[in-house]
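What follows is one structure encoded as structure tokens, with my remarks underneath.
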Amino acid sequence: MRRLLLTAPLATAALLLTACGTTEPAADEAKASTEAITLTDASGAKVKLDGPAEKVVGTEWNVVESLISLGVDPVGVADVKGYKTWDTAVPLKNDPKDIGTRGEPSMDTIASLKPDLIVATNDLQASAVEQLRKVAPVLQVKSADGAGQIEQMLENVDLIAEATGTTDKATTLKKDFEAKLAEGRKALADAGLDGEKIAFADGYVTSNQVSIRPFTATSLLGEVNTRLGLKNAWTMKGDPSYGLASTDVEGLTGLGKVQFAYIGNDKDPNADPFGKQLAKNSVWKSLPFVKSGDVHRLPDGVWMFGGTGSMEAYVDALVEALTK
């Protein structure tokens, strides 16, 4: 699970205006709510909608999170149980249909939902996307971009908002996100932590082998850390899309004195090697940040590849951990 395979308000307004006897504005609202929308998605495809999409399916958790944050409850979600486990920062408010895995969504299940729109990412295989386009319009967003993760995340929010008629909400989300970054940066600076070195990683255990995945400066969390005034301690290069690298416990010996942060999950026994499998490892115990007690397990449920909601939750959790 850890690996990445990596509108109603307008209608209500119309009813209220009609009740007050102002029929012309009500007609205008009704017209606006059904006006056709044409968008160009991340794949370069033209996406045509009869109006703002209301019945929406999400094939990846980051787009599901963005939909919920924009006030759109998806009718179908890939791996509902997984989402509820790994992304409690932006919880589901409804009971969507599970459409299968993020890598292999069920076409039949999605078709049965008769969606207005399917939101997918470019991580989904092209053949699967082509099949989905036979079911309903598909809006593809770029899942990640090592050249600008935050910019890409916000661009995705805007694109999904255009398709769902929630652009005002998107503006609010972006303002709130920027305010949270500023608030977090000030809190860390006030605590004398401006420029502090940080190494964020996640880890997992496969066949009793511990693997560690560093989040370099070009990862989403890496960019957030930089915006908070922290210095990324990882010197290795991340992959072009997600800014992630790979190492083992011996690879941590070059970090020196840093703040080490990670997110585990109590529902996954293999998701916290730092607190469990490595607890008695001599190399791990010899690390300066382990000796000094500067290892911070952040709360479960903050999706490390999520949207503005998860990133705001991450800022709050990190600031609290580093300043307590």
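The values are calculated or read from the model by the stated rules, or taken from the named source; none is laboratory data. Everything quoted here is computed from the prediction, not taken from an experiment. Glycine gets a Cβ as well: all are built from the backbone with ideal geometry, and neighbour counts include every protein chain shown.
Quick notes on this one:
- Some residue of segment 132-142 being out of contact with any strand residue (DSSP E or B) (no Cβ under 6 Å at 6 or more places or on another chain) and of a type in the set (Gly, Ala, Ser): no
- Segment 243-261, residues that are part of a loop (DSSP other than H, G, I, E, B) and closer than 23 Å to Trp303 by Cβ: Gly243, Ala245, Ser246
- Taken together, the residues in segment 178-220 that are over 24 Å from Gly275 (Cβ atoms) and either touching a strand residue (DSSP E or B) at 6+ places or on another chain (Cβ under 8 Å) or assigned to a strand (DSSP E or B) (or both) amount to 2.
- Within segment 225-273, the residues that satisfy the criterion of being out of contact with any Ser or Thr (no Cβ under 9 Å at 6 or more places or on another chain), among the small types (Gly, Ala, Ser) and within 19 Å of Leu287 (Cα to Cα) are Ala233, Gly251, Gly256, Ala261.
- Long-range neighbours under 7 Å by Cβ, at least six apart or interchain, first residue more than 14 Å from Phe200 (Cβ to Cβ) within segment 291-310, second acidic (Asp, Glu) and at pLDDT below 95: Asp300/Asp266
- Within segment 262-289, the set of residues being modelled with pLDDT under 95 and either in contact with a helix residue (DSSP H, G or I) (Cβ under 6 Å, 6 or more places away or on another chain) or not in a loop (DSSP other than H, G, I, E, B) (or both) comprises just one member, Lys267.
- Options Gly165, Gly222; residue that is under 27 Å from Glu250 (Cβ atoms) and buried (at least 18 other Cβ atoms within 10 Å of the Cβ): Gly222
- Residue in segment 261-272 that is within 23 Å of Ser143 (Cα to Cα), within 25 Å of the chain's Cα centre (by Cα), surrounded by fewer than 16 Cβ atoms within 10 Å (Cβ to Cβ) and not acidic (Asp, Glu) present: no
- Test: residue in segment 233-242 that is under 26 Å from Lys84 (Cα atoms), outside any loop (DSSP other than H, G, I, E, B) and either of a type in the set (Gly, Ala, Ser) or modelled with pLDDT of 95 or more (or both): no
- Segment 70-152 holds helices (runs of 4 or more DSSP H) entirely within its bounds, and those carrying 3 or more residues that are under 27 Å from Gly243 (Cβ atoms) and within 19 Å of the chain's Cα centre (by Cα) map to 80-86.
- Of all residues in segment 290-311 being in a helix (DSSP H, G or I) and over 25 Å from Gln149 (Cβ atoms), the one that is nearest to the chain's Cα centre (by Cα): Val290
- Among the residues of segment 301-320, those identified as within 23 Å of Val141 (Cβ to Cβ) and not aromatic (Phe, Trp, Tyr) are Gly301, Val302, Met304, Gly306, Gly307, Thr308, Gly309, Ser310, Met311, Glu312, Ala313, Val315.
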